[in-house]
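*Asks:* Once you've had a glance at the structure underneath, I'll fire off some questions.
The values are calculated or read from the model by the stated rules, or taken from the named source; none is laboratory data. Keep in mind that what you see is a predicted model, and the values were worked out from it rather than measured. Cβ sites come from the backbone with ideal geometry, for glycine too, and all protein chains shown count toward neighbours.
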Amino acid sequence: MILTPEVLTLFILNILFAFFAIIAFVLSVKIFLQWDLNATTQRQYILEKQSFLAATIIKYIFAIKVPLFLFFIFTLDKISHVLTGAMCAAGVVDATQYGTYLLILKVINLYIFAYWLMLHRADMKDENQPYTKRKFGLFIAAFFLFMAEVIIEGIMFGAIDVDKMVSCCGSLYSSSATSYVSNIFRIDTEVLLVLFYGNFLLMGLFYLLKNRYLFALSNLSFIVSGVITLIAFFGMYIYQLPTHHCPFCFLQNDYYYVGYLIYFLLFIGTFSGIGAGLLPGSNTSRNKSYKISLLFNGLYVLLLSLYPLLFYVKNGVWL
Amino acid sequence: MIELKDVTKIYEVNKNESVRALSEINLKIKEGELVILKGSSGSGKSTILSLIAALSKPTSGEVLVDTKKISKLPDNFSSEYRRDNIGFVFQKYNLIPNLSVKENILLPLVPLNLDAQSMHQMSESVMQRFHIEHKQDVLVRNLSGGEQQRAAIARANINNPKIILADEPTANLDEKLSLHFIEMLRELKASNKTIVIATHDPLFFGLDFVDREIQVHNGSLVL
């Protein structure tokens, strides 16, 4: 078990969030089953009041949980200093059998929570509250994922043994590693780059065609191609080391915390892109989502591309 | 224009105690009509006004204004509805004592983001109309009851609302000032506003320009 101030902060926040989320969950089930905006009964008026309360609770939980993801990563990075063998958050993630699953779950939840917030915003903008049932239905499903995240997070921090030696990112993210991550190093660099830039160009094409579903799909695939290419190719140029591929080390001070910017750009870009396909709204708001997505994904592509380009200009060789 | 359909309002005092302020009332008020709701204290008059102003929601039933279901509006839309449609004169005027008359009158315009020139013109016009322009820079706390009421009426009219609601508007005034208020009411009626007054002041009963007087008793309308 490891208890640093950061871990304690996460524990306390998780307990608070879980308590309020349970209240919101009970209300959400009632609202989802009984909501009828046209009814003028006492029950409906009570539900309308309760929906305001439940939505406010959920809004604040999710609005804090989304940026809290960055704090979670920061915490992993910070406690890596006390684990023997760990050089960054990668070692902490690998320190227990739950780390990887928790990280994947957190990323999925990040998108779901952000989607809920956008749905809530659209609902509150319309006096007929057209998405109330949908947003509370979504919360009912998200609640289980949220609670799973809280529980696994608790178990993971509880299972970390500070006396046990863990692997460093150099061995976890290398072509010689035996984990599934090592498979990405077997893909040809050219293929990776074609997939990465091709995916981005497809996004632009689907924007011109104004096909929101394909645009959302291209953003979904960009999460995968963006992260894989970052680990397998661009990471080497960020570290200026041909053997280093860690997706966490560039979150550290040595790399000016550039990782936070990289992941922020990717999240905003892809979330807006997926949102353009899934979120209800007018053409104006969808157009805005398209543009935000293209802007942030474009900045992501540009920022990553600058690393190898500058390296080449400086050294005259590719890694 | 204003319609209350099967409206019941119950106030929960605590877990075991509740007060039934209105019992399944039905009421229609036409555009431009001036209606007096009369009845003793606690009869439900003020509750009717607060429901029309979307300050509270019914326990059951619905309130419609121009076919818009205002009792179903979320809070942020209720505020917009009040801002655009309602001028409310409260029993205790609800003016801000540390602001001047003009500043109080201008308050409803603040969310509209109008330019200073338009705001100035609107406030001048409404202050002249309700004879309070000579006190425009005086702090409200230094005004007499009658002056405060004129400031309150001016504030209620600054955004040119379609509906004027007044809750016991003469409760704190002597007879002379009450009669002066009634004269202002006549002017408002002439400008085709829909007006609903909740009062138990006998001065309002039997006025020639009043369209209807409705007795409210124990949460029901006596027709």
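*Asks:* Please determine, by comparing only the residues of region B:56-73 that are more than 18 Å from the chain's Cα centre (by Cα) and of a type in the set (Ser, Thr, Tyr), which one is modelled with the lowest pLDDT.
*Replies:* B:67
*Asks:* Sort out for me the helices (runs of 4 or more DSSP H) sitting completely within region A:1-101 that have 2 or more residues that are under 30 Å from residue B:55 (Cβ atoms), charged (D, E, K, R) and within 14 Å of chain B (Cβ to nearest Cβ).
*Replies:* A:42-79
*Asks:* Show the residue pairs that are 6+ apart or on different chains and have beta-carbon atoms under 6 Å apart, the first residue being within region B:1-29 and farther than 17 Å from residue A:46 by Cβ and within 13 Å of chain A (Cβ to nearest Cβ), the second being aromatic (Phe, Trp, Tyr) and surrounded by 14 or more Cβ atoms within 10 Å (Cβ to Cβ).
*Replies:* Filtered contacts from region B:1-29: no entries.
*Asks:* Please go through region B:67-91 and give me each residue that is exposed (fewer than 13 other Cβ atoms within 10 Å of the Cβ) and either more than 14 Å from every other protein chain (Cβ to nearest Cβ) or of a type in the set (Lys, Arg) (or both), ordered by number.
*Replies:* Once the filter is applied, which keeps residues that are exposed (fewer than 13 other Cβ atoms within 10 Å of the Cβ) and either more than 14 Å from every other protein chain (Cβ to nearest Cβ) or of a type in the set (Lys, Arg) (or both), region B:67-91 yields nothing.
*Asks:* Only residues in region A:269-297 that are of a type in the set (D, E, K, R) count as the first member; pair them with residues that are assigned to a helix (DSSP H, G or I), Cβ under 6 angstrom, at least 6 apart or cross-chain, and list the lot.
*Replies:* Partner pairs satisfying both residue conditions: A:286/A:276.
*Asks:* Select from region A:60-103 the residues that are over 17 Å from the mean Cα position of the chain (by Cα) and within 18 Å of residue A:14 (Cβ to Cβ) and list them in ascending order.
*Replies:* A:60, A:78, A:79, A:92, A:96, A:98
*Asks:* Does residue A:228 qualify as being surrounded by fewer than 20 Cβ atoms within 10 Å (Cβ to Cβ), in the same structural domain as residue A:282 (by TED's automatic domain parsing) and of a type in the set (Val, Ile, Thr)?
*Replies:* The answer is yes for residue A:228.
*Asks:* Continuing with this model, one more query. Does region A:288-318 hold any residues that are over 23 Å from the mean Cα position of the chain (by Cα) and either of a type in the set (A, V, I, L, M) or more than 19 Å from residue A:194 (Cβ to Cβ) (or both), and which are they?
*Replies:* Matches in region A:288-318: A:306, A:309, A:310, A:311, A:313, A:314, A:315, A:316, A:317.
*Asks:* All but one of (1) over 25 Å from residue B:155 (Cβ atoms); (2) in contact with a Lys or Arg (Cβ under 9 Å, 6 or more places away or on another chain) hold for residue B:45, so report the exception by its number.
*Replies:* (1)
*Asks:* I'd like the residue in region B:100-127 that is farther than 26 Å from residue B:197 by Cβ and in contact with a Leu (Cβ under 7 Å, 6 or more places away or on another chain) and, out of all such residues, is nearest to the other protein chains (Cβ to nearest Cβ).
*Replies:* So the residue we want is B:119.
*Asks:* Select from region B:32-63 the residues that are part of a helix (DSSP H, G or I), touching a residue at least 24 places away in the same chain (Cβ under 8 Å) and of a type outside the set (Lys, Arg) and write down the one among them that is nearest to the other protein chains (Cβ to nearest Cβ).
*Replies:* B:51
*Asks:* Could you list all residues from region A:84-139 that are of a type in the set (Phe, Trp, Tyr) and either touching a residue at least 60 places away in the same chain (Cβ under 8 Å) or over 24 Å from residue A:26 (Cβ atoms) (or both)? It would help to see each step written out before you state the result.
*Replies:* Of region A:84-139, the ones of a type in the set (Phe, Trp, Tyr) are A:98, A:101, A:111, A:113, A:115-116, A:131, A:136, A:139.
Listed by number, the residues that qualify are A:98, A:101, A:111, A:115, A:131, A:136, A:139.
*Asks:* Across region A:65-98, what is the total count of residues that are among the polar types (S, T, N, Q) and surrounded by 19 or more Cβ atoms within 10 Å (Cβ to Cβ)?
*Replies:* Initially, region A:65-98 is screened for residues among the polar types (S, T, N, Q), giving A:75, A:80, A:84, A:96-97.
Now drop any that are not surrounded by 19 or more Cβ atoms within 10 Å (Cβ to Cβ), which leaves A:75, A:80, A:96.
Of the residues in that region, 3 qualify.
*Asks:* Considering only residues that are free of Cβ contacts under 8 Å to residues at least 40 places away in the same chain and among the hydrophobic types (A, V, I, L, M, F, W, C), which ones fall in region A:242-257?
*Replies:* Answer for region A:242-257, where residues must be free of Cβ contacts under 8 Å to residues at least 40 places away in the same chain and among the hydrophobic types (A, V, I, L, M, F, W, C): just A:250.
The rows are residues; the columns are (1) part of a loop (DSSP other than H, G, I, E, B); (2) of a type outside the set (Gly, Ala, Ser); (3) in contact with a His (Cβ under 7 Å, 6 or more places away or on another chain).
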{"position": "B:92", "(1), (2), (3)": "yes, yes, no"}
{"position": "B:95", "(1), (2), (3)": "yes, yes, no"}
{"position": "B:104", "(1), (2), (3)": "no, yes, no"}
{"position": "B:110", "(1), (2), (3)": "no, yes, no"}
{"position": "B:114", "(1), (2), (3)": "yes, yes, no"}
{"position": "B:118", "(1), (2), (3)": "no, no, no"}
{"position": "B:123", "(1), (2), (3)": "no, no, no"}
{"position": "B:127", "(1), (2), (3)": "no, yes, no"}
{"position": "B:134", "(1), (2), (3)": "no, yes, no"}
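This table checks each residue for (1) surrounded by fewer than 23 Cβ atoms within 10 Å (Cβ to Cβ); (2) closer than 26 Å to residue A:169 by Cβ; (3) in contact with a helix residue (DSSP H, G or I) (Cβ under 9 Å, 6 or more places away or on another chain).
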position: A:220; (1), (2), (3): yes, no, yes
position: A:223; (1), (2), (3): yes, yes, yes
position: A:259; (1), (2), (3): no, yes, yes
position: A:263; (1), (2), (3): yes, yes, yes
position: A:268; (1), (2), (3): yes, yes, yes
position: A:287; (1), (2), (3): yes, no, yes
position: A:294; (1), (2), (3): yes, no, yes
position: A:299; (1), (2), (3): yes, yes, yes
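*Asks:* Which of the numbered conditions does residue A:150 fail, given that it passes all the others? Conditions: (1) surrounded by fewer than 16 Cβ atoms within 10 Å (Cβ to Cβ); (2) more than 14 Å from chain B (Cβ to nearest Cβ).
*Replies:* Of (1) surrounded by fewer than 16 Cβ atoms within 10 Å (Cβ to Cβ); (2) more than 14 Å from chain B (Cβ to nearest Cβ), only one is false for residue A:150: (1).
*Asks:* Another question about this same structure. Return the residues of region A:117-139 that are in a helix (DSSP H, G or I), in contact with a Phe, Trp or Tyr (Cβ under 7 Å, 6 or more places away or on another chain) and surrounded by fewer than 21 Cβ atoms within 10 Å (Cβ to Cβ); say none if nothing qualifies.
*Replies:* A:117, A:122, A:133, A:137, A:138
*Asks:* I need a count of the residues in region B:64-89 that are in a helix (DSSP H, G or I), under 19 Å from residue A:37 (Cβ atoms) and of a type in the set (Lys, Arg).
*Replies:* So the count comes out to 1.
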